[in-house]
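Heads up, the thing below is written out as structure tokens.
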2 protein chains.
Amino acid sequence: MAQTTTGRVLSIQSHVAFGYVGGKAAVLPLQCLGYDVDVVNSVNFSNHSGYGRFGGSRATAEELSKIFELMDQNGFLSSERLLTAGYIPGAEALSAVKDLAVKLRQKNADLIYLLDPVLGDSGRLYVAPDTIPVYRDALRYATIITPNWFEVEVLTDVRILDLASLRRALQVLHEQYNVPNVVISSIPLRPWLADALPVLMRPHASSNDLDFLVCISSSRGNEGAQRAVHARCIPCLPGYFSGVGDLFSALVLGHFKPAHAPPQDRTETPLSYAASQALSKTHAMLTLTHEHALTLPEEDRLPTDEELDVREPERKIRRMRGRELRLVQGQGIIRGEETNEYRQMLPWTTFWDA
Amino acid sequence: MAQTTTGRVLSIQSHVAFGYVGGKAAVLPLQCLGYDVDVVNSVNFSNHSGYGRFGGSRATAEELSKIFELMDQNGFLSSERLLTAGYIPGAEALSAVKDLAVKLRQKNADLIYLLDPVLGDSGRLYVAPDTIPVYRDALRYATIITPNWFEVEVLTDVRILDLASLRRALQVLHEQYNVPNVVISSIPLRPWLADALPVLMRPHASSNDLDFLVCISSSRGNEGAQRAVHARCIPCLPGYFSGVGDLFSALVLGHFKPAHAPPQDRTETPLSYAASQALSKTHAMLTLTHEHALTLPEEDRLPTDEELDVREPERKIRRMRGRELRLVQGQGIIRGEETNEYRQMLPWTTFWDA
């Protein structure tokens with residue numbers, strides 16, 4: 001009668017009362033996939049910072065460590081999966097989270113730890129520079145990481161300007177930091193990347209007027225796993241949505257099943273399968289959200305205009321509010337009940353050929 | 001394709017990292033019913049206090065007020081429903097929550113506010129006595145309250161010993177405190193109550209060896225609503241489960257639809273319908289949880305023994321852990337996909353006949 005237990009995830013993320021970012025974008029999807037989720041809140045905010053006006057309390061390193069210690073004493077640190085993502089306030093709190101990851105990894109060599117190193121986007125750092133070494137340190141304990149291209153650059157000190165530098169950056173992550181699985185969720189499809197991609201993966205010529213992002217997954221390939229890079233282009237939806245990375249990471253973790261039989265399609269790996277599911281469902285959720293935003297009154301969907309936004313903050317608040325993820329309405333997408341296009345990542349077999 | 005929006009709930013409750021009480025027992029069910037839920041955490045604890053070993057941080061009145069103020073400034077205090085339940089730490093924090101309820105009620109006369117006055121159980125007060133007047137004060141702003149029998153006694157200063165005192169207590173709530181809708185979730189079926197219940201509602205003679213609880217709903221009956229008392233006996237499941245009241249209250253709120261057409265069955269009221277749904281789904285969830293607990297290894301389901309528990313705290317922790325609500329596994333119950341027995345509350349038409 002009831003759903004069977006898929007497993008248990010310990011999720012450490014930011015919490016906002018209103019809206020869907022951090023834990024609010026990750027916990028419900030994991031629950032819909034059948035996971036019991038233990039939830040530690042790194043902050044308790046009114047809403048995400050993108051609204052301009054926001055606030056609340058931040059958990060200190062001591063508070064986080066105390067909660068982890070109590071959970072440990074009670075025997076509650078037994079989840080098979082760990083998710084740390086979103087905003088964790090400051091290097092000390094982040095270190096407390098890293099120490100927990102080390103402990104869980106020591107307890108359980110098979111721990112599946114997805115680390116989303118939230119550092120910034122599009123060339124802008126969100127976090128204090130002293131958190132970067134802590135993230136670099138934490139990489140060694142991760143099973144999967146889901147940085148954006150800018151975060152890859154920050155973590156590896158490699159600027160991604162061409163295929164060679166992309167290869168070098170992935171190599172640094174796999175070899176220097178020992179990360180088995182990397183998913184770079186969204187690299188803008190610049191000409192160098194379009195040229196480098198296998199022809200089969202490039203957008204159709206008819207879609208020349210659209211912007212595209214590329215999702216790339218890469219498994220290091222030892223300890224029984226095969227070395228493999230997969231990729232897929234996805235069209236950009238117009239405008240900015242919050243919490244997308246948090247949703248995507250949760251779905252990658254939720255769909256990653258290394259112990260299962262290999263996927264039916266022999267070109268898939270456990271990582272490419274998880275990334276494909278996450279990509280498909282995230283894109284469907286964004287489409288649902290975008291379509292909803294289009295139905296709102298005009299004053300709730302005025303286009304992004306930073307100058308006007310500064311003069312009239314309500315303008316931005318209303319726009320962002322209308323673009324909050326439609327997670328609750330899209331539960332069927334997460335549970336796989338909707339017939340969405342399955343965006344399968346395709347093998348990029350020549351990737352490592354220098 | 002996607003579920004339509006049922007509405008928006010602002011939920012103010014305690015948060016635990018591990019397990020299902022407070023917000024962890026209420027938010028997922030409301031989301032499964034289609035509500036967007038804004039979640040303010042009154043505390044951030046490792047687990048509930050019943051485990052013996054627990055801790056974390058409590059939100060101060062100032063922190064709560066600050067979050068409410070920011071949400072107000074951003075235009076986020078627009079939910080049609082308010083849920084305040086579970087543990088709110090201390091009279092000052094509770095007052096901050098009450099002030100918010102007053103503000104929301106002023107903004108929206110149609111606000112549906114479910115207040116679960118968590119004060120204690122079975123004759124024992126959980127909270128500091130100075131919170132009682134704050135709860136009494138808050139009653140005036142509530143649409144529905146869901147106390148247990150002991151909380152009714154504390155709020156009304158009436159000891160419930162017979163039908164006359166039960167009537168008196170409900171009268172105090174409806175008239176003195178102006179509460180339109182009261183659901184007393186579980187009154188032990190003592191002989192006086194069994195005798196007072198209409199014959200149709202009493203347990204079958206064949207179930208003499210079971211313990212029963214009675215759920216009673218009572219609507220004041222003015223402003224267009226009819227005065228009505230409904231009741232239903234439910235068999236007790238053995239042992240103690242945590243978070244049951246929090247789940248029940250969330251389901252009552254989620255299923256309360258006063259603006260809709262009257263339910264098909266003309267003996268139902270919006271309140272009795274909501275309470276019937278909540279009772280049915282809560283009982284099904286408890287049954288699922290109980291059945292799961294029976295499958296656990298013996299050391300995870302040792303019977304309650306307070307003396308042994310004191311000597312060996314792990315014993316209690318393991319038992320309680322095995323009895324955490326199976327909410328994630330029972331999502332189908334909440335969404336109404338399982339064919340559970342619908343436990344309809346029946347009209348107790350003679351209740352007010354002195």
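The values are calculated or read from the model by the stated rules, or taken from the named source; none is laboratory data. Source: prediction; values computed, not measured. All Cβ positions, glycine included, derive from the backbone under ideal geometry; neighbour counts span all protein chains shown.
Looking only at helices (runs of 4 or more DSSP H) that lie completely in the stretch A:243-354, which have at least 3 residues being surrounded by 21 or more Cβ atoms within 10 Å (Cβ to Cβ) and among the hydroxyl-bearing types (Ser, Thr, Tyr)?
Counting at least 3 such residues, we get A:270-294.
List the pairs whose first member sits in the stretch B:110-139 and is without any contact (Cβ under 8 Å) to a residue 12 or more places away in the chain, whose second member is among the aromatic types (Phe, Trp, Tyr), and whose Cβ atoms are under 7 Å apart, counting only residues at least 6 apart or on separate chains?
none
Can you find, within the stretch A:4-20, the residue that is nearest to the other protein chains (Cβ to nearest Cβ) among those that are of a type outside the set (A, V, I, L, M) and buried (at least 24 other Cβ atoms within 10 Å of the Cβ)?
The selected residue is A:Phe18.
Being among the β-branched types (Val, Ile, Thr) and more than 21 Å from B:Thr6 (Cα to Cα) is the filter here, so list the residues in the stretch A:322-348 that pass it.
A:Thr339
For the stretch A:108-185, list the helices (runs of 4 or more DSSP H) that sit wholly inside it and hold at least 3 residues that are within 17 Å of A:Ser218 (Cβ to Cβ); which are they?
Result: A:149-156, A:163-171.
For A:Leu247, which of the numbered conditions (1) away from chain B (no Cβ under 14 Å); (2) farther than 25 Å from A:Thr84 by Cα; (3) out of contact with any Asp or Glu (no Cβ under 7 Å at 6 or more places or on another chain) fails to hold?
Single failed check for A:Leu247: (2).
Answer yes if at least one residue in the stretch A:82-89 is within 22 Å of the chain's Cα centre (by Cα), surrounded by fewer than 16 Cβ atoms within 10 Å (Cβ to Cβ) and away from every other protein chain (no Cβ under 11 Å), and no otherwise.
No: the stretch A:82-89 contains no residue that is within 22 Å of the chain's Cα centre (by Cα), surrounded by fewer than 16 Cβ atoms within 10 Å (Cβ to Cβ) and away from every other protein chain (no Cβ under 11 Å).
Which is of a type outside the set (Lys, Arg) and modelled with pLDDT of 95 or more, of A:Val182, A:Val199, A:Val127, A:Val118?
On inspection, the qualifying residue turns out to be A:Val182.
Could you tell me whether any residue of the stretch B:344-354 is in contact (Cβ under 8 Å) with a residue 60 or more places away in the chain and either within 14 Å of chain A (Cβ to nearest Cβ) or acidic (Asp, Glu) (or both)?
Looking through the stretch B:344-354, none of the residues is in contact (Cβ under 8 Å) with a residue 60 or more places away in the chain and either within 14 Å of chain A (Cβ to nearest Cβ) or acidic (Asp, Glu) (or both).
From the residues in the stretch B:51-68 that are within 24 Å of the chain's Cα centre (by Cα) and more than 9 Å from chain A (Cβ to nearest Cβ), which one is surrounded by the most Cβ atoms within 10 Å (Cβ to Cβ)?
Applying the filter and picking the extreme gives B:Leu64.
Inside the stretch A:21-47, can you point out the residues that are surrounded by 24 or more Cβ atoms within 10 Å (Cβ to Cβ), more than 9 Å from chain B (Cβ to nearest Cβ) and under 30 Å from A:Glu306 (Cα atoms)?
A:Val21, A:Gly22, A:Gly23, A:Ala25, A:Ala26, A:Ser42
All but one of (1) under 16 Å from A:Ser57 (Cβ atoms); (2) not in a helix (DSSP H, G or I) hold for B:Ser78, so report the exception by its number.
Here B:Ser78 meets the rest and fails (1).
Would it be correct to say that A:Val229 is more than 23 Å from A:Ala26 (Cα to Cα) and modelled with pLDDT under 85?
Here the answer is no, as A:Val229 does not meet what is asked.
Conditions: (1) within 28 Å of A:Ser95 (Cα to Cα); (2) touching a Cys at 6+ places or on another chain (Cβ under 8 Å). A:Val158 meets all but one. Number of the miss?
(2)
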